[in-house]
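First the structure, in the form of structure tokens, and then the observations on it.
The values are calculated or read from the model by the stated rules, or taken from the named source; none is laboratory data. For clarity, every value in this text was computed on a predicted model and none was experimentally measured. Positions of Cβ are backbone-derived with ideal geometry, glycine not excepted, and every protein chain shown enters the neighbour counts. What goes into the accessible areas is simple: the full protein's heavy atoms, side chains included, and nothing from ligands, DNA or RNA. Shrake-Rupley method; radii C 1.70, N 1.55, O 1.52, S 1.80 Å.
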Amino acid sequence: MGRTYLFSEDSNGRVREVKVDPKHLDKQIREERAAGRIPTVLDEDERIRFGQLAQKLRSNG
């Protein structure tokens, strides 16, 4: 299994990457939601696809 990434978006739209503890990922997601942030979990392939999409959106905008 590849690496898992957890990103957390706050109410201002800022996103940060949270270090993932694979044994406690569910707890980390609950904690992010409880803090009022929006958690997103991606695997390596999804992270690459989202990065490519973001680059395309920036170049078109």
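Cross-link reach is defined here as a Cα-Cα straight distance under 20 Å, omitting same-chain residues fewer than 8 places apart; for LYS27 the aspartates and glutamates meeting it are GLU9, ASP10, GLU17, ASP43. Atom-type composition of the exposed protein surface of the chain places 48 percent of the accessible area on carbon and sulfur (1.4 angstrom probe).
Around the amide H of ARG37, modelled in the peptide plane, lies no amide H under 5 Å away from a residue 5 or more places distant or on another chain.
Exposure here means at most 15 other Cβ atoms within 10 Å; with trypsin sites (Lys or Arg not before Pro) in a DSSP loop as sites, the longest stretch of the chain lacking them is 20-61. Probing with 1.4 Å while keeping every protein chain in the model, the per residue accessible area of the chain equals 84 Å². Here's the picture: charge each Lys and Arg Cβ at +1 and each Asp and Glu Cβ at -1 in region 1-56, and of ILE38, PHE50, TYR5 the one pushed furthest to the positive end of that dipole is ILE38. The string of couplings for region 44-56 from the Karplus curve (6.51, -1.76, 1.60, θ = phi - 60°) is 4, 5, 5, 4, 5, 4, 5, x, 5, 4, 4, 5, 5 Hz, one whole number per residue in order, with x for Gly and Pro. Among (i) 0.96; (ii) 1.36; (iii) 1.23, which one is Cα Rg over 2.2 N^0.38 Å computed from these coordinates? Evaluating Cα Rg over 2.2 N^0.38 Å on these atoms matches (iii). Around ALA34, what is the net charge, scoring Lys/Arg as +1 and Asp/Glu as -1 over all other residues with Cβ under 15 Å from its Cβ? Residues near ALA34 contribute -1 overall.
Ordered by solvent-accessible area of protein heavy atoms (1.4 Å probe), largest first, the residues LEU42, LEU53 come out as LEU53, LEU42.
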